[in-house]
Each structure stands twice: as structure tokens, then as C-alpha cells.
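The values are calculated or read from the model by the stated rules, or taken from the named source; none is laboratory data. Values in this document were obtained by computation on a predicted structure and should not be read as measured data. Cβ: placed from backbone, ideal geometry, glycine included. Neighbour counts: every protein chain shown. Keep in mind that these areas ignore ligands, DNA and RNA; they rest on the heavy atoms of the full protein, side chains included. Shrake-Rupley method; radii C 1.70, N 1.55, O 1.52, S 1.80 Å.
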Amino acid sequence: MIQVKTYGVTPPISLEASTDAETSLNTSMISELKKQGSFESEEATKKRYEVLKTFQKLASTFVYNVSIKKNMSEGMAKDAGGKIFTFGSYRLGVYGPGSDIDTLIVVPKHVTREDFFTVFADMLRKQEDLDELVVVSEAYVPVIKFKYSGISIDMLCARLDVNQVPLSLSLLDKNLLRNIDEKDIRALNGTRVTDEILQLVPKPMAFKYALRTIKLWAQRRAVYGNVFGFPGGVAWAMLVARICQLYPNACSAVIVIKFFHILNQWSWPQPVLLKQIEDGPLQVRVWNPRLYAQDRQHKMPVITPAYPSMCATHNITTSTMKVILSEFQRGSEFVTDISLGKKPWSSLFERHKFFHNYKSYLAVTAATKGSEEEALKWSGWIESRLRFLVQKLEVHDAISLAHPYVKYFEHSFIIPSDDIEGRRELLASFGTLKGEELMKKYTEITDENKNSEETKKLIEDESNVAVHITSLYIGLQLQSNSNGEGKKVDIHMICKDFLSFCQQLETYDEKFNDLQIKGVRLYDLPDFVYSEDEERPVKQSKGKKRKSDKNAKKIKKVKSNEVNGATGSEGGETSNHNDETAAASS
């Protein structure tokens with residue numbers, strides 16, 4: 001039966017059901033998703049469910065313990081409750097192998113955020129199956145990140161102005177937002193937004209298959225990651241949901257095809273809305289570019305449907321917007337060919353060529369001498385600040401594009417404590433081919449050997465020190481002079497300012513934390529940035545260059561000794577480095 005209900009802020013573009021050809025296309029798309037490993041096994045899904053049951057018990061115990069500590073009676077402490085909610089890909093039903101679980105623990109008013117980061121964090125540390133715990137209490141949305149039984153979990157906490165949090169509690173009531181601070185509101189919004197999205201799509205199953213496809217595409221094309229200036233999971237979900245509203249009876253394949261065609265023509269910064277922005281009972285800021293200058297700066301606004309509405313894509317920069325639009329154009333061309341039978345669905349998911357596309361890169365390396373938890377806190381801080389470096393770079397008159405890569409590379413080594421020079425040399429060259437050679441001098445701590453007796457002995461040996469290094473990359477597209485001659489690109493002050501900015505972390509200590517930025521040429525990139533089945537680019541010898549290349553214009557290059565960063569772990573010394581669209585709009 002044809003749907004007649006109107007979803008979203010405009011009437012649908014088409015109410016037509018899918019044709020036989022479109023249904024066949026849909027079948028082949030789902031088949032390709034299975035080939036690509038998008039779906040998790042039934043056993044792995046059951047494991048997630050059991051893990052969540054464990055954390056519900058832990059949440060109840062946490063609230064009970066805090067209640068008793070604050071002199072509540074036994075009965076009142078038991079009734080205080082505490083409930084675990086999920087949001088993101090798990091709640092939307094689009095998780096796959098290796099996906100994390102976004103969770104939220106909701107607590108009554110006598111349990112504080114500080115209790116969460118101390119009492120609950122200590123309870124977590126005592127769990128046998130726990131690994132890689134890091135507390136990020138200074139974040140915009142404070143979070144505890146950890147691995148439990150091999151599953152990555154991000155856990156938020158929100159305190160409601162209520163005496164009890166029963167297991168029957170729903171978060172849809174806006175009045176629950178009264179008398180709580182903005183950090184609690186932001187934490188609650190993850191679950192509230194996810195639940196609203198599911199209510200605002202006509203056919204949830206068509207939405208889920210389409211979203212799985214778009215998520216896989218975005219990850220393969222390296223345009224997935226809010227922290228790096230690209231849409232995150234919730235933003236991609238809202239974009240897919242909007243297309244579902246415009247084609248309420250279409251199958252998933254049609255949704256995917258329309259997704260690329262419409263967004264390739266979208267009139268940004270026209271916002272993407274799933275429903276009209278609502279007023280509510282609170283004196284809190286709601287996204288409104290007419291009132292707030294900051295909201296007018298959003299380049300590709302995608303607005304959350306739950307009150308108070310916020311922009312889920314505020315991190316997008318000029319450079320990342322260019323990259324996203326380029327991928328929308330590519331996607332539009334590819335789905336056209338796929339619908340005509342000229343290309344298979346697999347072509348849409350071809351891996352990006354980030355580490356082939358630029359002649360110059362910046363390697364940003366964050367190192368910590370100490371525990372894994374301390375390292376995760378420092379590297380996570382640098383990761384969350386990287387977009388500010390991108391914003392400074394992209395306004396430089398010699399740089400036309402500063403493209404951040406959406407993944408980081410982690411390495412840990414056991415280094416003799418007295419090998420200070422070796423450590424300095426490794427950190428100064430890490431992120432390059434030379435650094436990769438130096439890595440071989442030291443024992444690397446890996447997932448395979450970190451729990452072995454031999455590795456544990458080396459770590460516990462006081463004559464050794466564990467050094468954890470995280471590498472991030474930015475591809476630079478450089479302007480050429482009018483006469484075609486290259487010149488040095490001086491970004492010394494930009495890097496120096498970024499270092500000072502990052503040192504504002506409360507727990508920063510120059511004896512243990514290190515940050516370096518260095519220019520790296522394409523052919524000097526380390527092997528670890530390339531996947532196992534990916535061939536690294538090979539530099540042509542001069543004799544093999546085509547004659548037509550002789551008169552080619554010279555391009556400006558960032559030389560490895562033209563960028564200065566600073567180190568902290570070695571006492572603060574400085575080192576050298578270097579028409580459908582119109583109908584869809586609100």
C-alpha cells in the first residue's frame with residue numbers, strides 16, 4: 001500500500017514504489033554489502049547484548065554505591081536506579097564488525113559527573129575484560145573511552161533532576177531537560193536524536209540498508225569523522241533520513257542513488273532538516289543563523305531533530321567541504337553508471353587514494369612517555385584539536401587545500417631509559433620513511449605481544465621506558481606562482497601557535513608529552529600508512545620522465561626542514577621538522 005503521510009519539512013518528491021528493475025538493483029546492493037563484510041555475525045551481536053547487560057548491572061551498582069556513600073538509606077539507594085541507553089550505529093541497527101557502541105548512563109540528581117569520572121571509572125578498571133581505558137573529562141561532551149571484551153565503547157553520563165532513574169525511563173520528554181547543565185543536555189541528545197531519526201523515516205528497513213551503504217562508502221572514501229571536520233555517523237544518518245522522507249516508498253538502492261544526485265546539487269549552506277526546529281521549556285541556545293553569527297558560519301549545516309536543535313556538522317572546514325563535494329560528485333557519476341549496468345556496486349566502495357593524491361603532507365605526531373591511559377588522553381586531545389590546525393593552514397595564501405586524514409596510526413615501543421639520543425632521533429623523524437627504519441631498533445608493543453610475559457617484563461624493567469606515538473596526517477595542495485616557480489611555504493608560526501594551543505591541556509607535562517609537526521614528501525611517507533593490498537607510489541627516475549614534463553610548471557613544496565614544531569618529552573627542546581534539490585530544501 002502506498003504511503004500518504006508527509007515526512008519532513010517539505011512534501012515528498014515522489015510517492016512511486018520501486019520498479020522491478022530497482023528491486024533487482026536493491027538485491028544486488030545488499031548482496032555487495034554482505035560481500036564487503038558490512039554485517040556482523042549473530043554470535044558477535046549476541047556478545048554485544050551480553051556486554052550491555054553487564055554494564056546495566058554495573059550502572060545500578062554504581063548509583064547504589066554513590067547513594068550509600070551520600071548517607072541514603074538502603075531502600076532509597078536501591079530505588080535510585082540508573083539506566084544504560086545506547087545511541088549511534090548500535091541504536092540505529094547499522095553496526096558491523098569492529099563498530100563501537102555509543103552508550104549513555106543516566107543517573108539521578110545526587111550522582112555527579114565527578115562521581116562518574118572517579119567512582120565509576122575505578123569500577124571499570126577492576127573489570128577483567130577491560131582494556132585501553134581513558135577518561136576525557138575536559139571534552140565538549142565528557143566521555144570515558146575503553147575496550148571491553150574486545151568491543152570499543154564510548155560512555156557518556158547525564159544527570160537528571162529526579163530522585164530515581166527506573167529502567168522504564170524514556171528520554172523523549174523535553175521536560176526531563178529542566179534544571180540540568182548544557183553538558184548533560186549534550187550527552188542526552190545522542191540518544192534523543194537517534195530515537196527521533198528512527199521515528200522520522202517512512203520505512204526503517206529501507207533507511208537502514210541505505211545508511212549501511214552510505215556509511216561504507218564514506219569510510220572507504222575517508223570522509224567519515226566528525227572530529228576531523230567531516231560528517232560523523234549521526235550526520236550521515238540524518239542526510240540519508242532526509243532522502244527517505246523525499247522518497248517514502250522507494251527501496252534502499254533508489255535512496256542511495258537519490259542521495260548522491262540531490263546532495264551533489266544541494267544549495268549549501270541551506271540546512272538539512274528532518275522537521276521544523278522546535279521551541280522548548282529551556283533558556284538554552286537552539287540553532288538559529290538569524291540570531292547567532294557563529295551559526296551563520298556553518299558551511300554544510302545538518303540540524304538535529306531533537307530539542308534543543310544543534311548543528312551536527314559544525315566542524316566542517318573550507319577544505320573538508322571541498323573534499324566532501326568532490327566525493328558527492330564522484331558518487332553521483334558512479335551511481336548513474338551502476339543504475340545503467342555499466343559499473344558494479346563494488347566500484348562505489350573503492351578505497352580512497354589519500355596517500356597518493358598530494359605531493360606534500362604534514363605529519364603530526366603526539367608521543368607520551370608513560371602509561372597507555374596517559375597516552376590515549378594526550379593523543380585524543382591532539383586529535384580533537386587537529387581541525388584548528390587545518391583552519392589555520394587553509395587560509396595561508398600559498399595553500400589551496402589542507403585535507404586531514406580521518407584515521408590515526410598508533411605505535412608503542414620499549415626503549416632503554418638511558419637512550420635519550422635514540423629516543424629524540426626517533427621522535428624527530430617519526431612519520432617518515434627514515435623514522436620507520438629507526439623503529440626497527442626497538443621492541444614494538446603490539447596487540448599480539450602486549451600480554452606476553454616477555455613484553456610485560458620489559459615494560460616493568462625500570463631500565464626501560466614505554467613510548468606511545470600517534471601519527472596524524474594532513475595532505476597539502478599548494479598554490480603555484482604566476483610565473484610557475486616554486487618557493488618555500490613558511491608555516492612556522494602556524495605550527496608554533498598550534499603547539500602552544502595544545503599545551504593548554506590540564507595534564508600536559510613537557511617531561512612526558514611530546515608534539516611534533518614535520519613536512520613529508522609523498523615518496524618519503526612511511527609504509528605503515530598504506531594498506532596491505534595497496535602499492536605505494538614509486539618515484540620515477542629523471543631519465544624516464546616524459547619529454548612533455550620538462551616544461552611543466554614547478555609546484556611549491558613544503559620541505560621537511562621548513563616546518564618547525566617543538567618537543568616536550570625531552571625537556572622542551574626544539575627540533576626541526578618540518579531540480580530535486582529545490583524540492584528537497586526547506
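Taken over the range 161-176, the criterion of being touching a Gly at 6+ places or on another chain (Cβ under 7 Å) and buried (at least 18 other Cβ atoms within 10 Å of the Cβ) is satisfied by 165 alone.
Here residue 275 fulfils each of the conditions (1) crowded, with 23+ Cβ neighbours inside 10 Å; (2) more than 21 Å from the chain's Cα centre (by Cα) apart from (1).
The set of residues from the range 442-455 being within 15 Å of residue 131 (Cβ to Cβ) and either in contact with a Phe, Trp or Tyr (Cβ under 6 Å, 6 or more places away or on another chain) or open to solvent by 80 Å² or more (accessible area, probe 1.4 Å) (or both) comprises 447, 448, 451. Just to be sure before I move on: is residue 106 within 30 Å of residue 201 (Cβ to Cβ), open to solvent by 30 Å² or more (accessible area, probe 1.4 Å) and hydrophobic (A, V, I, L, M, F, W, C) in the structure I sent? Considered against the rule, which asks whether it is within 30 Å of residue 201 (Cβ to Cβ), open to solvent by 30 Å² or more (accessible area, probe 1.4 Å) and hydrophobic (A, V, I, L, M, F, W, C), residue 106 comes out as no. How about the range 386-397: which of its residues are surrounded by 18 or more Cβ atoms within 10 Å (Cβ to Cβ) and under 17 Å from the mean Cα position of the chain (by Cα)? Within the range 386-397, 386, 387, 389, 390 qualify.
For every residue, the table says whether it meets (1) within 18 Å of residue 526 (Cα to Cα); (2) among the aromatic types (Phe, Trp, Tyr).
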{"residue": "341", "(1), (2)": "no, no"}
{"residue": "345", "(1), (2)": "no, yes"}
{"residue": "358", "(1), (2)": "yes, yes"}
{"residue": "367", "(1), (2)": "yes, no"}
{"residue": "371", "(1), (2)": "no, no"}
{"residue": "375", "(1), (2)": "no, no"}
{"residue": "387", "(1), (2)": "no, no"}
{"residue": "399", "(1), (2)": "no, no"}
{"residue": "415", "(1), (2)": "no, no"}
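Only a single criterion out of (1) open to solvent by less than 30 Å² (accessible area, probe 1.4 Å); (2) hydrophobic (A, V, I, L, M, F, W, C); (3) in contact with a Lys or Arg (Cβ under 9 Å, 6 or more places away or on another chain); (4) closer than 30 Å to residue 106 by Cα is not satisfied by residue 198, namely (1). Applying the condition of being under 13 Å from residue 271 (Cβ atoms) and small (Gly, Ala, Ser) to the range 291-332 and asking which residue is surrounded by the most Cβ atoms within 10 Å (Cβ to Cβ) yields 312. Among the residues here, residue 80 qualifies as touching a His at 6+ places or on another chain (Cβ under 9 Å) and aliphatic (A, V, I, L, M).
Being open to solvent by less than 40 Å² (accessible area, probe 1.4 Å), assigned to a loop (DSSP other than H, G, I, E, B) and either farther than 25 Å from residue 76 by Cα or out of contact with any strand residue (DSSP E or B) (no Cβ under 7 Å at 6 or more places or on another chain) (or both), is that true of even one residue in the range 134-143? Checked against the condition, which is being open to solvent by less than 40 Å² (accessible area, probe 1.4 Å), assigned to a loop (DSSP other than H, G, I, E, B) and either farther than 25 Å from residue 76 by Cα or out of contact with any strand residue (DSSP E or B) (no Cβ under 7 Å at 6 or more places or on another chain) (or both), the range 134-143 yields at least one hit.
Scanning the range 425-437 for residues that are crowded, with 19+ Cβ neighbours inside 10 Å and farther than 9 Å from residue 526 by Cα turns up 426, 427, 428, 429.
The rows are residues; the columns are (1) of a type in the set (Lys, Arg); (2) touching a helix residue (DSSP H, G or I) at 6+ places or on another chain (Cβ under 6 Å); (3) farther than 30 Å from residue 201 by Cβ; (4) open to solvent by 50 Å² or more (accessible area, probe 1.4 Å).
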| position | (1), (2), (3), (4) |
| --- | --- |
| 20 | no, no, no, yes |
| 24 | no, no, no, yes |
| 42 | no, no, no, yes |
| 47 | yes, no, no, yes |
| 61 | no, no, yes, yes |
| 77 | no, yes, yes, no |
| 82 | no, yes, yes, no |
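Results for (1) over 14 Å from residue 364 (Cβ atoms); (2) of a type in the set (D, E, K, R); (3) open to solvent by less than 70 Å² (accessible area, probe 1.4 Å); (4) outside any strand (DSSP E or B), shown as yes or no for each residue.
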residue	(1), (2), (3), (4)
495	no, no, yes, yes
506	yes, yes, no, yes
510	yes, yes, no, yes
516	no, no, yes, no
520	no, no, yes, no
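Set side by side, the residues 377, 407 differ, and just one is basic (Lys, Arg) and at pLDDT 95 or above, which is 407.
Among the residues making up the range 371-384, those that are of a type in the set (Ser, Thr, Tyr) and part of a helix (DSSP H, G or I) are 379, 384. Only one of the numbered conditions (1) hydrophobic (A, V, I, L, M, F, W, C); (2) crowded, with 22+ Cβ neighbours inside 10 Å; (3) under 22 Å from residue 513 (Cα atoms); (4) in contact with a Gly (Cβ under 8 Å, 6 or more places away or on another chain) is not met by residue 402, and that is (3).
Tell me yes or no: at least one residue of the range 345-352 is among the small types (Gly, Ala, Ser), closer than 28 Å to residue 500 by Cα and either at pLDDT below 95 or part of a helix (DSSP H, G or I) (or both).
Here is the first cut: in the range 345-352, the ones among the small types (Gly, Ala, Ser) are 346-347.
This time we only want the ones that are closer than 28 Å to residue 500 by Cα, so: none.
Scanning the range 345-352, I find no residue that is among the small types (Gly, Ala, Ser), closer than 28 Å to residue 500 by Cα and either at pLDDT below 95 or part of a helix (DSSP H, G or I) (or both), so the answer is no.
Only one entry in 154, 129, 122 is open to solvent by 40 Å² or more (accessible area, probe 1.4 Å) and either at pLDDT 95 or above or within 20 Å of residue 309 (Cα to Cα) (or both), namely 122. Taking the conditions (1) open to solvent by less than 20 Å² (accessible area, probe 1.4 Å); (2) at pLDDT below 95 in turn, residue 355 satisfies each one other than (2).
Go through the range 177-199 and give me each residue that's over 30 Å from residue 244 (Cα atoms) and in a helix (DSSP H, G or I). Even if it seems obvious, please write down each step before you answer.
Keep residues of the range 177-199 that are over 30 Å from residue 244 (Cα atoms), which gives 178-184.
Result: 182, 183, 184.
So, of the residues in the range 522-563 that are open to solvent by 60 Å² or more (accessible area, probe 1.4 Å), outside any loop (DSSP other than H, G, I, E, B) and not charged (D, E, K, R), which turns out to be modelled with the highest pLDDT? Among those residues, the one meeting the criterion is 523.
Identify, please: which residue in the range 413-424 is in a helix (DSSP H, G or I) and open to solvent by 50 Å² or more (accessible area, probe 1.4 Å) and is, among those, nearest to residue 454 (Cα to Cα)? Quick ask: steps written out before the conclusion?
The initial filter retains those residues of the range 413-424 that are in a helix (DSSP H, G or I), namely 420-424.
Applying the additional criterion that residues be open to solvent by 50 Å² or more (accessible area, probe 1.4 Å) yields 420-421, 424.
Working: 420: 23, 421: 25, 424: 25 Å.
In this case the residue turns out to be 420.
Of all the numbered requirements in (1) outside any strand (DSSP E or B); (2) over 20 Å from residue 530 (Cβ atoms), residue 367 misses one, and that requirement is (1).
If you check residue 475 against the conditions, is it assigned to a loop (DSSP other than H, G, I, E, B) and open to solvent by less than 80 Å² (accessible area, probe 1.4 Å)? Against the criterion (assigned to a loop (DSSP other than H, G, I, E, B) and open to solvent by less than 80 Å² (accessible area, probe 1.4 Å)), residue 475 does not qualify.
Of a type in the set (Asp, Glu), assigned to a helix (DSSP H, G or I) and closer than 25 Å to residue 419 by Cα: is that true of residue 454 in this structure? Don't jump to the end; show me each part of the working.
On the way: of a type in the set (Asp, Glu): yes; assigned to a helix (DSSP H, G or I): yes; closer than 25 Å to residue 419 by Cα: yes.
So residue 454 passes the test.
On the stretch given as the range 385-404, residues that are outside any strand (DSSP E or B) and either modelled with pLDDT of 95 or more or closer than 15 Å to residue 474 by Cβ (or both) total 13.
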